[in-house]
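Accompanying notes for the structure given below.
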Amino acid sequence: AGMMEIVWATGLKRSDGFTKLGTSAWTVAAMILSFVLLARAMREIPVGTAYAVWTGIGAVGMTAVGMILFDEPKDWLRVGCISLVIVGIVGLKLTARS
């Protein structure tokens, strides 16, 4: 679900405001798949954990994609802050009860 969030967020950027039909189509498909997979994850783990992990993976992933593909800033403070998000995601997942 989190990986599909990265895919659809990248598509959102590349679709140029949904003006590019092909890119817009796979973006919407990735959005739907992301939500379906998130709903599936919520069967196994608490909703708060599932949602936090989903959004965290998306935030970390899109920050990395932004740095690599869209020439966004690549300073150490940004990387450090993203590392804290990763620690939070791992901590939430490790403490979640089914």
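The values are calculated or read from the model by the stated rules, or taken from the named source; none is laboratory data. The shown structure was predicted, so the numbers you read here are calculated from the model rather than taken from an experiment. When we count neighbours, we look across all protein chains shown, and the Cβ atoms used for this are built from the backbone with ideal geometry, even at glycine. For accessibility, only protein heavy atoms count, side chains too; no ligands or nucleic acids. Shrake-Rupley method; radii C 1.70, N 1.55, O 1.52, S 1.80 Å.
With a 1.4 Å probe and every protein chain kept in, tell me what percent of the accessible surface of the chain is carbon plus sulfur. C and S fraction of accessible area: 71 percent. Here's how it looks for PHE18: its modeled amide H is under 5 Å from none belonging to a residue 5 or more places away or on a different chain.
From the residues THR23, ALA52, TRP8, which one has its Cα farthest along the dipole of the chain in the positive direction, the dipole being from +1 and -1 charges on Cβ of Lys/Arg and Asp/Glu about the Cα centre? The Cα lying farthest towards the positive end belongs to ALA52. What you get for the chain, charging only the Cβ of Lys and Arg (+1) and of Asp and Glu (-1), is a dipole of about 240 debye around the Cα centre.
For segment 7-98, trypsin sites (Lys or Arg not before Pro) are listed when DSSP marks them as loop and at most 14 other Cβ atoms sit within 10 Å of their Cβ; the list is LYS20, ARG43, LYS74, ARG97. Remark: segment 16-24, residue by residue, has Karplus-estimated 3J(HN,Hα) of 6, x, 6, 8, 9, 4, x, 5, 4 Hz, where x stands for each Gly or Pro and the curve is 6.51 cos²θ - 1.76 cosθ + 1.60 at θ = phi - 60°. By definition, a body whose alpha carbon gyration tensor gives a ≥ b ≥ c is oblate when a/c is 1.5 or more and a/b is not larger than b/c, and the chain fits this oblate description. The gain in end-to-end length when the VAL79 to THR95 segment is fully stretched comes to 3.3 nm, 0.36 nm per residue minus the alpha carbon separation.
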